Amino acid sequence: MRTSEGFVPGLDGVIAARTEISFLDVDREKIVIRGEDLIALAKDKTYFDVVHLLLEGYIPSQEEKSSLEDNIKGYYSLPEDTLPVFNLLPKGMHPMDGMRTVISLLAGYDTDLENRSNKENKQRAYELLGQLPFITVNSYFATEGKAIASSDESLGYSANFLYMITGKKPSNLEVEIFDQLLLLYSEHEMPNSTFASRVIASTNADMYGALTGAISSLKGHLHGGANEAVMYMLQEVDSVDGFEALIRHKLQNKEKIMGFGHRVYMKKMDPRATITKEALRKLCERDNDDTLLKMCEAGEEIMREEKGLYPNLDYYAAPVYWKLGIPIPLYTPIFFSARTAGLAAHIIEQHDNNRIFRPRVEYTGKSY
Ligand SMILES: CC(=O)SCCNC(=O)CCNC(=O)[C@H](O)C(C)(C)COP(=O)(O)OP(=O)(O)OC[C@H]1O[C@@H](n2cnc3c(N)ncnc32)[C@H](O)[C@@H]1OP(=O)(O)O
Ligand SMILES: O=C([O-])CC(=O)C(=O)O
């Protein structure tokens, strides 16, 4: 819908940036990242392949990937004097708000904060990616009143991330599935959070500021917060019949069902959801219990029949997180942590070729 003055509610379909980073090619069911298809990459590449692709522009060789992992491992911990801030986070605060606070604080530890060069920005992004598992997990633990967890540097990035969350050495299957989730969440063109970060970066604000804006955006239930909402909904019942009745009841009450619909995919399945559905199937097989899969499939069926709507990534990601033993308040923080690779690429691109965002309005106020 475009009004006579050119106003498009929600900027639906409006082109807001020229980018070399990514594009959703819905017709060809591809999520194009610097010329590669994320959906194809999800089958045989890892999160760090995509981190390298996003920040360096190409899929790394095995050697380049190992050196990237080693480099990022060097940033697993935070400056010692930032640690007390975790204890100051109020109990019961959502960890997304804790993360927003800690990332904001890190700006004060950047000795070259006003440097927006491509090289310096990339270095910042790598340091943050190294620090994010610590920030994510401990923002949750602190707000739960639990002791700070430390990293295990003998483990790979995804294995360590999962280990810090659960306190158990994860199996190969668990690491593979968790890494694939990080990869799938890493970048998605111009969602609200990416737009928010580019708008902030366009004032020449620093990366920490742009990322804290993105965290705030991503927390909302219409965006990243949906994965937590999906799991709370699944927990309301414990059977396929119960879930069907719940969804029908919500639809009758004209409630939105979390995990369905998407501004760009609209009446099509998010291709990432097909992959997470498969991951859920594997975890259900491992547990010899397919209740969660059957519940989700029943919800999918009702939404297709009643609304012509399909799952987005968050719908099947939620039960996958659950099966991996991850507490629900960490679902959106993990999304943000993975997405920092894509967000950083966008912030860097904005800084490298900037014009401040400053749109106009259609005035509907009192006459003057
Ligand atoms: C990884 C991610 O961040 S993906 C997004 C995660 N968010 C969610 O899962 C939240 C649920 N989904 C939604 O709220 C929406 O589909 C959004 C926010 C994702 C997209 O919003 P928009 O593009 O503005 O679509 P909009 O909300 O206008 O929906 C269009 C129509 O479909 C309906 N609709 C859209 N999503 C849903 C839903 N999940 N449940 C029920 N109805 C829905 C709307 O009510 C509207 O119906 P109407 O035309 O009769 O009024
Ligand atoms: O693209 C969007 O609007 C939301 C989304 O799926 C994502 O950020 O992964």
Would you be able to tell me the number of residues in the stretch 160-201 that are more than 15 Å from ligand 2 (Cβ to nearest atom) and of a type in the set (S, T, Y)? 3
Residues located in the stretch 220-248, provided they are in contact with a helix residue (DSSP H, G or I) (Cβ under 7 Å, 6 or more places away or on another chain) and either part of a loop (DSSP other than H, G, I, E, B) or at pLDDT below 95 (or both): H221, H223, G224, G225, E236, V237
May I ask you to list pairs of residues, at least six apart or on different chains, whose Cβ atoms are under 8 Å apart, with the first in the stretch 68-90 being hydroxyl-bearing (S, T, Y) and the second being modelled with pLDDT under 95 and buried (at least 16 other Cβ atoms within 10 Å of the Cβ)? Y76/S151; S77/S151
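Tell me whether the stretch 202-220 contains one or more residues that are in contact with a Pro (Cβ under 7 Å, 6 or more places away or on another chain) and either within 19 Å of V320 (Cβ to Cβ) or surrounded by fewer than 21 Cβ atoms within 10 Å (Cβ to Cβ) (or both).
The first filter runs over the stretch 202-220 and keeps only residues in contact with a Pro (Cβ under 7 Å, 6 or more places away or on another chain), leaving none.
No; the residues of the stretch 202-220 include none that is in contact with a Pro (Cβ under 7 Å, 6 or more places away or on another chain) and either within 19 Å of V320 (Cβ to Cβ) or surrounded by fewer than 21 Cβ atoms within 10 Å (Cβ to Cβ) (or both).
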Which one is surrounded by the most Cβ atoms within 10 Å (Cβ to Cβ) among residues in the stretch 226-249 that are more than 8 Å from ligand 1 (Cβ to nearest atom) and within 30 Å of T194 (Cα to Cα)? E228
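Can you pull out the helices (runs of 4 or more DSSP H) entirely within the stretch 252-368 that have at least 2 residues that are surrounded by fewer than 15 Cβ atoms within 10 Å (Cβ to Cβ) and of a type in the set (D, E, K, R)? Full working, then the answer.
Details: elements: 271-287, 291-307, 313-323, 331-352.
Helices (runs of 4 or more DSSP H) meeting the threshold: 271-287, 291-307.
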Restricting attention to the stretch 290-326, which residues are in contact with a Ser or Thr (Cβ under 8 Å, 6 or more places away or on another chain), of a type outside the set (S, T, Y) and away from ligand 2 (no atom under 16 Å from the Cβ)? M295, L324, G325, I326
Contact list please: Cβ distance under 8 Å, first residue in the stretch 304-320 and more than 15 Å from L184 (Cα to Cα) and free of Cβ contacts under 8 Å to residues at least 60 places away in the same chain, second residue within 16 Å of ligand 2 (Cβ to nearest atom) and part of a helix (DSSP H, G or I), pairs at least six apart or on different chains. Y310/A273
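Going by what's in this entry, would G13 be described as exposed (fewer than 14 other Cβ atoms within 10 Å of the Cβ) and either on the phi > 0 side of the Ramachandran plot or touching a Leu at 6+ places or on another chain (Cβ under 6 Å) (or both)? Even if it seems obvious, please write down each step before you answer.
Values: exposed (fewer than 14 other Cβ atoms within 10 Å of the Cβ): yes; either on the phi > 0 side of the Ramachandran plot or touching a Leu at 6+ places or on another chain (Cβ under 6 Å) (or both): yes.
Against the criterion (exposed (fewer than 14 other Cβ atoms within 10 Å of the Cβ) and either on the phi > 0 side of the Ramachandran plot or touching a Leu at 6+ places or on another chain (Cβ under 6 Å) (or both)), G13 qualifies.
The values are calculated or read from the model by the stated rules, or taken from the named source; none is laboratory data. Just so it is clear, the model here is predicted, and its values are computed rather than measured. Quick reminder, even Gly has a Cβ in these numbers, built from the backbone with ideal geometry, and neighbours come from all protein chains shown.
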